[in-house]
1. Over segment B:401-550, one equal point on each Cα, no solvent: what is log10 I(q)/I(0) by the Debye formula at q = 0.09, 0.14, 0.16 Å⁻¹?
2. Add +1 for every Lys or Arg and -1 for every Asp or Glu among the other residues with Cβ under 12 Å from the Cβ of B:Leu404, and state the total.
3. Using 0.36 nm per residue, how much length does the chain from A:Asp180 to A:Asp96 gain when fully extended, once their Cα-Cα distance is taken away?
4. Under 28 Å from the Cα of A:Lys93, which lysines turn up, not counting those fewer than eight places away in the same chain?
5. Can you divide the C-alpha Rg of chain B by 2.2 N^0.38 Å and report the result to two decimal places?
6. Give me the percent relative contact order of chain A, please, defined on Cα pairs under 8 angstrom at least 6 residues apart.
7. If one takes the longest principal axis of the Cα atoms in chain B, at what angle in degrees, from 0 to 90 and to the nearest 10, does the Cα axis of helix B:71-80 lie?
8. Say each of B:Gln75 and B:Arg322 gets a label point 7 Å from the Cα, pointing the same way as Cα to Cβ; how far apart are those two points in nm?
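Bear in mind that the values in this text are calculations on the coordinates, not laboratory data. Just so it is clear, the model here is predicted, and its values are computed rather than measured. Cβ coordinates were reconstructed from backbone atoms using ideal geometry, including for glycine residues, and neighbour counts include every protein chain displayed.
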Amino acid sequence: MRPIGCRYLAVISVLAALATALAATRPRYGGVLRVEMRERAASIDGVARIGSLVFERLVRIDHDGHPQPALAVSWQADAEQTRWEFRLRPGVKFHDGYPLTGATAGGALQRLLGSGATVGVAGDVVVVKSDRAMPGLLTELSRPSASIAARGPDGQLVGTGPFRVTRFDADRHVSLAAFDEHWNGRPFVDGVEIEMGRSTRDQFVDLQVGKADLIELAPNEMRAAADRGARIWTSAPVELLALVFGPGRGADNARLREALALSIDRAAIHNVLLQRQGVATGALLPQWLSGYAFLFPASMDLPRARQLVAEVPPGDRTLPLAYDPTDAQARILAERIAVNARDAGINLQVTNQARGELRLVRARVNSLDGALVLAEMAAAFGLGQVRVPAGQTRPDLLYSAERGLLDGHRVVPLFHLPDTCGVGSRVRLWQRPGLGRLGSLQLADLWIEASP
Amino acid sequence: MTFRTRLLALFILVIAVAVGVVTAIVSTRTARTFERMDNARSEALVAQFRQQFDARRKDVARRVEGIASAPSTLQMAIDFSQPNPDYSRYVDTAQGLAAAQGLDFLELVAHDGSIISSAQWPARFGYKEEWVTDAGVDWKQQGAFLDRVQLPESEPLGILAVRVVEAGDQKLYVIGGGRLDQDFFASLVPPAGMRVLLHRGGPAPKIAADETVHRIPLVGRQNNLLATLIVTGSRRELEELVHSIVRTGVIASAGGILLALALAWWTTARVTRPVERLAAGAREVAAGNWKARVNITSRDEIGELARTFNRMTYQLIEQRDRLLQAERVAAWRELARRLAHELKNPLFPLQITVENMKRAREQYPEQFDEVFQESAATLLTELANLKQIIGRFSDFAKMPPPELQQIDINQVVEQAMALYRAQLAAPGHPPIQPRMELTPDLPQVAADPEQFGRALGNLLLNAIDAMPKGGTLTIRTGRNNGAVRVEVSDTGEGLTQEECERLFTPYYTTKAHGTGLGLAIVQSVVADHKGKIAVESEPGRGTTFKIDLSAV
């Protein structure tokens, strides 16, 4: 009896422990998620991360980069990809209770696509037609700019997302509440409180003292956050850190630009300042997106840089390097670049002025369409037109286009960095990662652990 | 320049020189005193600097030692002693440590000299500070030292200290320091008017011309010159003081000069007024007023001089009176002698003639008539001589005052010459050649034509008498300093100097039969016409009389 009794007792204990463990990991409704971020938004759709919680698109891109149904349950295209049909998801409601109709979705698409395409509606089917092939239309429709929104009775924008806006203080605070009638079911958390304009340092402190559940992390804070038990969410490397030359006497000297590109010790910066987050790069598109980024050299060649500088008139060897003063890490990065440049004989004067002959900038990868990203970056950096159309997926054409942009060293890519979030101990997530591949917040499957 | 002016100038000069000398002496002494004070203050400031510098060195060394001995630093050194150490975890460490310890500079340096973390230049991680790994230096014994610190845009001076944290075979160097800049020097609190500057090459700091300068070299660990401490002292206070002294001196001089003017005016007035009175008295005496008196009652030298002057004039008058009396007596004696002489000459023939007539009547009655006739003729002749002599004396005595009228002198001269022209060519007398050199258009003179004509006649007669062997008689008219001049020259034997001096004395004559009244009458006439007469003569070369009469 006694051994058998003991065995039962042991089984019961194991079962009890399992039950307790399951209860601890089981999703629960309720609780408010406290989010802090550095960005400020003047409107609800001004920040992509907030907008993705409130507004939805017809199509979404999953973590592997594949298009998945969202407000459209299915789609089809003709062989030339000039005509696309999207069938809307039935039963979708806006936050003000009005249903999503073909007319609303069609109007939003027409505004997005402009005169390049014609949008028609037939019941719950939205038809997009164009004279040209539209191979990248799904990617285009998955971008935040393709969100479907309507004007509510009070004139405010309303969406169909898992959270609705209950309060919005421009640049300061956003309160979101779970949308009970979301087509994919109510989120676990009752609401989300978002503090905007918080420095990464303050965010880090708030996470540690339990005032925040979800914060942005600078690369140099990741190790400390991990040491203190915080969980880290990272996206794919979606942010390009680069030097961009503007007009100016020194900046117009091709030898000086090349010399600066060759003088930067990316490895040291990556190892120390970025604490090995992201990747050093010489390309605009990240390796995970283009597959050929390694073909663009990112190594330092100081002798060659000095040789090039020797051919530059001494008066042209000095130029200001501007950085964004709101970017916590930008200054030290700029100063380090200036130290490297000094070794090559280039005098960079680090300044926090917005404009300058040379700027340290960040540019985001907002799409999985490499051609589209190249076009956006070229426009942002003032590099001119990209010779490949959006949706083009042939690597050789993309490489050629990117090579064309980088020749002349008007832009010196430095690093591709991921979005990184620190997550507090109360936050639980079941299946999907909390950050999308492009860094969007995905909070619908997140719940808050009940306090003991 | 009058005596009073000289006295005034002397007063002013003496006061100005005295004030100037005093001002210069005071200014010089003040400047020397100020320089001594400035040197003393500079030395005190330098001593203060050295004291604070030493204190700062000790402070820096203590703070760096505090960092090096901290457990966290030891833990860092232990981490770095592990294989493949991750320096990136500590890239921001130096900034926090430096802020906590109040250091301006702090670097954590790995055993190979690579910068792990830099507070002053965070971006410089990975670069080498090779000097710190110099095996020849014992950093434990080395105190804080002065050195240049590399920064992105500058290379300031710092007081640095190095300490070594050892973990096994590995070393972690802690290089910390404080900035030695103007703020540090500002803590020296220099006395008012002094400045402390740091010169590190390049353009020299601006030092005003009125500043004194003391330079102290600042050397580094290897005695290399890193900078120069410049202590300047403003001479403005001195210059203001000197200016004030000079200004006071100038004001004192001006006041003194004004006071001297007033005082000298009053003093010189007291001194010179009696002198002026004396001068006025002397001028009166010179003008002929021998009765002039100087009324000065002071008992000083001037008063004595005035009394002496008064006595002198009194004695002069007395002497003049005595002289006049003596001259008058002498003149009477001379007159008596001349009268006796003149009268005795005719009287002796008269006496002889009368005695001859008496003897002839008694001894030769038959011849008496003849004798009588001859004697009567002789008597008449001698009586005529007596009458003539008496007439001359009578004329001299009866010289009337001139009746002045405007006359042409040339006309008077020609008339006088005409009277004596026949006498010049008289037979039996060697010929005398007359010569007239009359200047036409002479101004008229106020003269009595009769008296002046007689005077000219006397001169002509005198000239004729002076040329018994013949010669040339020249009469000349002309201008002389606003007067009209008449000259009468002969080519006779001439006169001696003594004769010239006595020539116008009444009854003095060089001629055998002269009365000695002719030239006396001439002088009397010229004097009555307010004129002047002079004589020039040399023995053997003739004599010239010159008469000047005032033109109308």
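1. Taking Cα atoms of segment B:401-550 as identical point scatterers yields -0.26, -0.64, -0.85.
2. Numbers: positive: B:Lys530; negative: B:Glu403, B:Asp448, B:Glu450, B:Asp528.
Net charge in that neighbourhood comes out at -3.
3. Working: separation 84, 0.36 × 84 = 30.24 nm, distance 1.16 nm.
Full extension from A:Asp180 to A:Asp96 adds 29.1 nm.
4. A:Lys129
5. Numbers: Rg = 61.1 Å, N = 552, 2.2 N^0.38 = 24.2 Å.
Compactness ratio reported: 2.52.
6. On the way: 940 pairs, mean separation 92.7, N = 452.
The value is 21 percent.
7. Relative to chain B, helix B:71-80 is tipped by roughly 70 degrees.
8. Result for the modelled spin labels: 13.9 nm.
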